[in-house]
Amino acid sequence: MEQQDVERIARAALKELGVFGVEPVVAPIAGQPGCWRIDIRGSQGLKIKCGAGSSAQWVRDQIFEQYLSQH
């Protein structure tokens with residue numbers, strides 16, 4: 001999964017969670033292929049794991065689970 005895919009999914013998931021006006025910052029985690037850090041202003045960072053065969057739903061579920069556990 002490419003960075004722009006994770007960014008697109010993160011933006012959509014945050015809208016579903018009612019988080020508006022915040023642009024997530026997505027970056028690969030060095031030394032951990034398939035791992036992405038999503039930084040959201042006003043929140044702890046999220047750590048998402050996804051590989052070439054991962055679905056958008058899998059990424060969305062991880063974002064929901066981690067975001068809701070923080071708020």
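Read-outs throughout are calculated quantities, based only on the coordinates presented, and are distinct from any laboratory measurement. All figures in this text were calculated on a predicted structure; none of them were measured in a lab. Ideal geometry is used to build each Cβ from the backbone, glycine not excepted, and the neighbour counts take in all protein chains shown.
For segment 56-69, backbone phi angles converted through the Karplus equation (6.51, -1.76, 1.60; θ = phi - 60°) give residue-by-residue couplings of 4, 4, 4, 5, 4, 4, 5, 5, 4, 4, 5, 5, 5, 5 Hz, Gly and Pro being listed as x. In a simple Cβ point-charge model (Lys, Arg +1; Asp, Glu -1; nothing else charged), the chain has a dipole of about 80 debye relative to its Cα centre. Taking a Cβ cut-off of under 15 Å around Val26, the surrounding Lys, Arg, Asp and Glu residues balance to a net charge of +2, with basic ones at +1 and acidic ones at -1. Once C-alpha pairs closer than 8 Å and six or more residues apart are averaged by separation and normalised to the residue number of the chain, the relative contact order reads 28 percent. Its Cα gyration tensor gives the chain an equivalent ellipsoid, and the semi-axes of that ellipsoid, as √(5λ) in whole Å with the largest first, are 18, 13, 11. So how far, in whole Å, is the C-alpha centre of segment 1-49 from the one of segment 52-71? Centre-to-centre distance over Cα atoms comes out at 9 Å.
A crude spin-label estimate for the pair Gln3 and Arg60, with each label 7 Å from Cα along the Cβ direction, gives 2.5 nm.
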